[in-house]
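Nothing in this text is a laboratory measurement; each read-out follows from the coordinates by a stated rule. Being a predicted model, the structure only gives us computed values, none of them experimental. Quick reminder, even Gly has a Cβ in these numbers, built from the backbone with ideal geometry, and neighbours come from all protein chains shown.
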Amino acid sequence: MNVADALRAAAQCLRAGGGSRSPRLDAELLLAAGLGVDRVGLFRSPERELSAEEAERFAEFVRRREAFEPVAYICGWRTFRTIDLEVTAAVLIPRPATETLVDVALELLAEASQGTPEPLVLDVGTGSGCIALALAAENPFVHVVAVDVDDDALEVARRNAARLGLMGRVDILCSDLFGGLPEAQRFDLIVSNPPYIPAAEYALLEPNVRDYEPRLALYGGDDGLDVYRRLVPGAGARLRPGGCLAVEVGKGEAEGVRALFAATGTYGLARERPDLEGIPRVVFGRRAQADAGG
C-alpha cells in the first residue's frame, strides 16, 4: 500500500465510523505522525510504499481514532500559536479559543511594561503549559510561574518548557491555586483557563472529549463556576497594585464571572473579550492601584 492508497482507505474508514468530523485531515495527520514526516512530506511522495511496520502503526492509529481518541493524543503533539506542544492524556488539548486569552494577556503585559520592564505572570492550572509558554515565547521580557495540582500534567509542561528552551523564564510548580506559592509573592498579571464545563453539559460532551480528556481540567461543578469562586477573590491578594486577572470562561458564563469580579471589591470594572466565533471568552479586570484604606 502506498501513501495515497493508505490515506484514501483510512479516510473512508473514519468517515464510515463517524468518529471524526474531518476524516481526510485526520488521516493525513495520523499518517504523517506514523511516518515521522509533516503533511507536506505526504504530498511530495504519494506513491511511496509503506513498510509492513509503517502500515501496521498507521492501522493502529486509525483504530484508535475510530474509537474516538483525539488525534492530538495519538500523534502526541498539538500546535498552539507559535509553538508545538507535547500533549498526553494528562493534559487538556490546547484549543483555538484559548488563544484569545493569550492575546488579552499580551496586551495587558504591553501596558504593564511601561512601568515594569520584566513583568511577573502567574498561570494557574497550566496543564501542558500552553499559556505560560506562549507568553514567554512571544514576550522576551516576561517571567512566568506556572502551577498545577496534577503531577503528571506538570511533567508534560516541564518537558515542553525544556524542549522550547524556556526553562529559564518559566518556573513550573505544584500548587492548588495559590496555596503552594510563597506568601509574599505578588504578580503583575494572573491568567487562568480553569475547568468550566457545568454538570449538565459535561454529560453531553462528545466522546472524544468526555472519555479521553482529563475531567479535572474540564468539570466546573453544577454551574461551571466552582474554581472561579476561589480563583477570583484569591487572585486579588496576589496581584500587585494595578495588576490584572484574566480568565477564560465558557459560553454563557461571562456575566456570572464578571459578577464574581465585582463582588470582591478589588477590581475595577471587569471587561470581556470575544473569541473568533463572537462568544465572550475572556473576562479580565485590574486591581485598584491602592486599597481603599490607602
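Here are a few things to note about the model shown:
- For the range 80-155 versus the range 182-233, the gap between their alpha-carbon centres in whole angstrom: 16
- With θ taken as phi - 60° and the Karplus curve 6.51 cos²θ - 1.76 cosθ + 1.60 applied, the whole-hertz 3J(HN,Hα) list for the range 258-267 is 4, 5, 5, 4, 5, 5, 6, x, 8, 9 Hz, x standing for glycine and proline.
- Angle between the chain longest axis and helix 151-163 axis [Cα atoms, degrees, rounded to 10]: 80
- Taking Phe141, Phe58 and counting other C-beta atoms within 10 Å, the order from fewest to most: Phe141, Phe58
- Magnitude of the charge dipole, the range 3-67, Cβ model with Lys/Arg +1 and Asp/Glu -1, debye to 20: 340
- Computed over the range 3-67, the convex hull of the alpha-carbon atoms projects to a mean area of 3.7 nm².
- Across the range 215-260, counting alpha-carbon atoms alone, Rg and Dmax equal 11.5, 35 Å.
- Taking all pairs of distinct alpha-carbon atoms in the chain, Kirkwood radius in angstrom: 20.4
- Against the main long axis of the alpha-carbon atoms of the chain, helix 52-66 sits at an angle near 50°.
- Value of [θ]222 nm, deg cm²/dmol, for the chain, DSSP H segments ≥ 4, -39500 (n - 2.57) each, nearest 500: -12500 deg cm²/dmol
- Over the range 181-242, equivalent-ellipsoid semi-axes from the Cα gyration tensor in Å: 30, 12, 8
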